[in-house]
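*Asks:* Next up is a structure, given as structure tokens.
The values are calculated or read from the model by the stated rules, or taken from the named source; none is laboratory data. Bear in mind the structure is a predicted one, so any value in this text is a computation, not a measurement. Every residue, glycine as well, gets a Cβ built from its backbone with ideal geometry; the counts of neighbours run over all protein chains shown.
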Amino acid sequence: MSMIESPCILVCSIDVKTGFCFGCGRTIDEIGAWTVMTPECRREITKNLAARLETVERKPRRETRRTRMARSSRLEQGNET
């Protein structure tokens, strides 16, 4: 059996607004059916993934202790931008 190529980058989380995965841009149905789709069908979906990913609203990253300390330091120095 040959390996099936996948656009998955292991960032598996679905944007509730668009229904697209934050990592690869596929829908949950496309992800579930990927291994049984024809190569032509997978190629057709793959063509649209970049455009789909542009519509996904990325979640803001959590502020880490390091970035919080750096921001505080800039504020103390009057360098906050």
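*Asks:* Find the residue count for the stretch 48-81, including only residues that are under 12 Å from the mean Cα position of the chain (by Cα) and under 16 Å from C8 (Cβ atoms).
*Replies:* Summing the residues that are under 12 Å from the mean Cα position of the chain (by Cα) and under 16 Å from C8 (Cβ atoms) in the stretch 48-81 gives 5.
*Asks:* Here are some residues: I31, I45. Which one is at pLDDT 95 or above, β-branched (V, I, T), within 14 Å of the chain's Cα centre (by Cα) and surrounded by 10 or more Cβ atoms within 10 Å (Cβ to Cβ)?
*Replies:* I31
*Asks:* May I pose another question? Could you tell me whether R62 is modelled with pLDDT under 95, surrounded by 10 or more Cβ atoms within 10 Å (Cβ to Cβ), out of contact with any strand residue (DSSP E or B) (no Cβ under 9 Å at 6 or more places or on another chain) and basic (K, R)?
*Replies:* no
*Asks:* What do you reckon, is E63 outside any helix (DSSP H, G or I) and either β-branched (V, I, T) or touching a residue at least 24 places away in the same chain (Cβ under 8 Å) (or both)?
*Replies:* Here the answer is no, as E63 does not meet what is asked.
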